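In what follows, a structure is listed as structure tokens, so that the remarks can point back to it.
Please treat every number below as a calculation from the coordinates, not as lab data. Note that the coordinates shown come from a computational prediction; the quantities given were computed from them, not determined experimentally. Note that each Cβ is placed from the backbone with ideal geometry, even for glycine, and that neighbours are counted across all protein chains shown.
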Amino acid sequence: MTLKAYTNVPLPSFMYGTAWKKEATKELVELAVASGFRAIDTANQLIHYDEALVGEALQALEKKGIRRDTLFLQTKFTSAGGQDHRTPYDPSADLTTQVRQSFDSSLTHLCTEYVDSYVLHGPHQRRGLGEADWEVWAAMEGLYQSGETKMIGISNVTAGQLTELCEQANVKPMVVQNRCFAVVGWDREVREICQAHGIIYQGFSLLTANRAVLADPEIGTIAQRLGTGSAQVIFRFAMQIGMLPLTGTTSEQHMKEDLQAEQLALSTEEIRRIETIAL
Ligand SMILES: NC(=O)c1ccc[n+]([C@@H]2O[C@H](COP(=O)([O-])OP(=O)(O)OC[C@H]3O[C@@H](n4cnc5c(N)ncnc54)[C@H](OP(=O)(O)O)[C@@H]3O)[C@@H](O)[C@H]2O)c1
């Protein structure tokens, strides 16, 4: 299954996330691809991710015959405020240079000449977009226009910030990546903006941010009807409402079970019920 943003570039419908994998990153990326994942998410931010080990996994996979162009690779620009002393660019340089340096270092880490999606890890401020965000976005638009990334996107964004970006950017984002809480209708406001603009909404922490939903007996009943688990019901729900879910599992069994969500089918009534389950 693939999804398409407004530019018609296809994305796989499920993504494997590499945050917090540390030294297990290489092994887990290889396992995720062997299990069937074709989209990998990372970031050039050593506090939480290890891009270079993702790159090592890609090289090992290439040797096993899994070509780079059969995989969807997404990484991020993280501003200096989100980095530790291992900032992968000169933090005293202007932001346009920082983006260029960070992107180049991502290409080196990932052993590739292009990425499929390049994401701004988050705006510099909580509300609205400031001058720094616009400078970073313009630099990212340049990377998109040069073809070095096939898509650009933004993460950890509010509905207000996304609206501003869609209205004022030269190039609108093609993807949005947010933590997805059921208590706010699974990020309904942001998802609706995405839908209106043909932006692919990627949801993370679907399980960890919604533990009460996972344990809800109604989800258990649906899982029982489908002969699956509650996690797979949530992932399937995400897919059926047009979301691209991320999973960060470290378990081979969970990888396989999660991918099976693509084969499930929830009824319209079940979808409606899950959409409002925590409201
Ligand atoms: N843009 C951002 O700021 C941002 C922030 C956070 C995350 N992310 C991205 O999103 C990815 C996923 O993060 P996440 O927070 O959604 O997941 P996560 O926290 O990495 O993992 C999900 C947790 O749920 C557990 N789990 C239990 N049953 C599971 C099942 N059937 N399938 C999957 N997990 C199961 C996992 O344990 P087991 O390992 O035992 O399965 C794991 O502890 C990250 O790796 C990263 O790429 C982005």
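Worth pointing out:
- Cα-based Rg and Dmax for region 23-166, where Dmax is the largest Cα-Cα distance (Å): 15.3, 46
- Cα gyration tensor, region 1-76 - rounded (a/c under 1.5), prolate or oblate: oblate
- Applied to region 169-182, the Karplus parametrisation 6.51 cos²θ - 1.76 cosθ + 1.60 on θ = phi - 60° returns per-residue 3J(HN,Hα) values of 6, 6, 10, 5, x, 9, 9, 10, 10, 10, 6, 10, 9, 5 Hz, with x for Gly and Pro.
- Under 5 Å from the amide H of ARG179 lie the amide H atoms of ASN156, PHE204, each residue being 5 or more positions distant or on a separate chain, with H modelled from the backbone and absent for Pro and chain starts.
- The length gained by stretching the chain between ALA24 and ALA278 to full extension, at 0.36 nm per residue less their Cα-Cα distance, is 88.0 nm.
- Counting only DSSP beta bridges whose two residues both lie in region 131-268, roughly 0 percent are antiparallel.
- Peptides 64-72, 9-17, 257-265, ordered by how many other C-beta atoms sit within 10 Å of their residues on average, highest first, read 9-17, 257-265, 64-72.
- Under 5 Å from the amide H of THR18 lie the amide H atoms of ASP41, each residue being 5 or more positions distant or on a separate chain, with H modelled from the backbone and absent for Pro and chain starts.
- Check: region 12-78 dipole with +1 on Lys, Arg Cβ and -1 on Asp, Glu Cβ, in debye: 140 debye
- Charge context of GLU218, other residues only, Cβ under 10 angstrom, K/R +1, D/E -1: -1
- In Hz, Karplus ³J(HN,Hα) per residue of region 65-74 (6.51, -1.76, 1.60; θ = phi - 60°; x = Gly, Pro): x, 9, 6, 3, 6, 9, 10, 9, 10, 10
- Charge tally around GLU270: other residues with Cβ under 11 Å, Lys/Arg +1 each, Asp/Glu -1 each, net +1.
- For region 142-219, the mean projected area of the C-alpha convex hull, equal to one quarter of the hull surface, is 5.8 nm².
- A cut-off under 11 angstrom between Cβ atoms defines the neighbours of ASP94, and their net charge, with Lys, Arg +1 and Asp, Glu -1, is -1.
- For the chain, relative contact order (Cα pairs under 8 Å, six or more residues apart, normalised by length) works out to 17 percent.
- Rounded to 5, the percent of DSSP beta bridges in the chain classed as antiparallel: 10 percent
- For the chain, the C-alpha radius of gyration divided by 2.2 N^0.38 Å, with N the number of residues, is 0.98.
- Computed E for ARG179/ASP90 - FRET, C-beta separation, R0 35 angstrom, nearest 0.05: 0.70
- Spatially near lysine pairs across the chain, Cα under 21 Å, sequence gap of 8 or more or different chains: 14
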